[in-house]
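Structure record follows, encoded as structure tokens.
The values are calculated or read from the model by the stated rules, or taken from the named source; none is laboratory data. Every value quoted in this text rests on a predicted model; they were computed, and no experiment measured them. Here the Cβ positions follow ideal geometry from the backbone for every residue, glycine too, while neighbour counts run over all protein chains shown.
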Amino acid sequence: DAKAGADGPADLPAKDLSDAELGAALQARFRQLSPDGVIAAGDRVQTVWVAPHLREKAATPVMFCGVRDDPTVWGYPAANVSGIRERPHVGEAIAMMKQLLPQITAIGYLAADTPVGRALMDSIGQRPETFPVRFGAFQLASDLPEGLRLAAGMRQSCDALLLAALDGLSGPAEGGAAVAEETAVSRIHGAFGKPMIGTRPEHVRAGALCGVAPSGAEQGRIAGQMLMAAIGGTPLSQLPIQVNRNGERMINLSAMRKLGIRPRPELLKGCHLMQID
């Protein structure tokens, strides 16, 4: 099988390639290998390669995974494309924070002003009663300076801050280029000055107290099972798009100690503990 990660195969200098160059390189590799099936991971691979080059244009079955945007953006499902959609574990992450800091009653929401950030905000707003705390504010940032201002502005009304998709935020220090998500989170943490809840591993590594992230292993396993079924002759009409179920629980030990939190031992069971220097 051919596999393409979020930035393409490991031997392609994907981060140094433009979208057009990466799409052409992946298509050349596809023609060279002539695989029986493809697993395509990440939003960028869908945008630059699968959607323009393979969707409805090849007989080869393709399964996507690790995508944050709505699959309909790329015209999925298609005659030869299905896969597994990534669902953020917002409720689980908030419940985890509540267990660590029971006194929290109101949290804020901060994401980049992107389709992913807006969609998650709308989803939360449609079911506020399902969360153990109330949302004191919902904010979307167009760039990093605005994100810092919004985070600082939520200090008075929110006990904690839920971080969603923050990739793509640009900063003046970078000449208007997008900053790494960990860098953005670290700066936002400094501006907010209170505990933060993550929905990705990058968030917890950059200072969030805890979080629950989608399991890449689960998505890869399901995408692989679906692909093998398709290669074995199962029509893709019988392989509908799936949604991930399991999450990886994470705690930033350094942040926990700074806050003087002594969690119950059972809360740490099966949790990925991150020691951040």
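Restricting attention to the range 135-151, does a residue exist that is among the small types (Gly, Ala, Ser), under 30 Å from Leu273 (Cβ atoms) and outside any strand (DSSP E or B)? Looking for residues that are among the small types (Gly, Ala, Ser), under 30 Å from Leu273 (Cβ atoms) and outside any strand (DSSP E or B), one finds at least one in the range 135-151, hence yes. Cβ separations smaller than 7 Å between residues 6+ apart or across chains give the following pairs from the range 101-124 residues that are among the polar types (S, T, N, Q) to residues that are not in a helix (DSSP H, G or I): Thr105/Val133; Thr105/Arg134; Thr105/Asp159; Thr114/Ala165; Thr114/Gly168.
State which residue is surrounded by the fewest Cβ atoms within 10 Å (Cβ to Cβ) when the search covers only the range 56-72 and only residues that are under 16 Å from the mean Cα position of the chain (by Cα) and touching a residue at least 40 places away in the same chain (Cβ under 8 Å). For the range 56-72, the residue satisfying everything is Asp70. Candidates are the residues of the range 107-154 that are acidic (Asp, Glu) and farther than 20 Å from Ala184 by Cβ; the one that is surrounded by the fewest Cβ atoms within 10 Å (Cβ to Cβ) is Glu129. Just wondering, is there one or more residues in the range 238-251 that are among the charged types (D, E, K, R) and farther than 28 Å from Ala160 by Cα? No, the range 238-251 contains no residue that is among the charged types (D, E, K, R) and farther than 28 Å from Ala160 by Cα. Taken across the range 215-228, residues that are in contact with a helix residue (DSSP H, G or I) (Cβ under 7 Å, 6 or more places away or on another chain) and either within 19 Å of Leu273 (Cα to Cα) or among the charged types (D, E, K, R) (or both) do not occur at all.
Return the total of residues in the range 84-97 being surrounded by 18 or more Cβ atoms within 10 Å (Cβ to Cβ), part of a helix (DSSP H, G or I) and out of contact with any Gly (no Cβ under 8 Å at 6 or more places or on another chain).
If we filter the range 84-97 for residues that are surrounded by 18 or more Cβ atoms within 10 Å (Cβ to Cβ), which is where we start, we get 84-86, 88-90, 93-94, 96-97.
Among the residues that remain, those that are also part of a helix (DSSP H, G or I) are: 90, 93-94, 96-97.
Filter once more, so that each one left must be out of contact with any Gly (no Cβ under 8 Å at 6 or more places or on another chain): 90, 94, 97.
Here the count works out to 3.
Can you find even one residue in the range 8-31 that is at pLDDT below 95, under 30 Å from Leu267 (Cβ atoms) and in a loop (DSSP other than H, G, I, E, B)? No, there is no match, as no residue in the range 8-31 is at pLDDT below 95, under 30 Å from Leu267 (Cβ atoms) and in a loop (DSSP other than H, G, I, E, B).
Residue under question is Ala213, and the condition is that it be in a helix (DSSP H, G or I), at negative phi, aliphatic (A, V, I, L, M) and crowded, with 21+ Cβ neighbours inside 10 Å; does it hold? Answer is no for this residue. Counting the residues of the range 216-270 that are under 28 Å from Asp36 (Cα atoms), within 23 Å of the chain's Cα centre (by Cα), hydrophobic (A, V, I, L, M, F, W, C) and outside any helix (DSSP H, G or I) gives 2.
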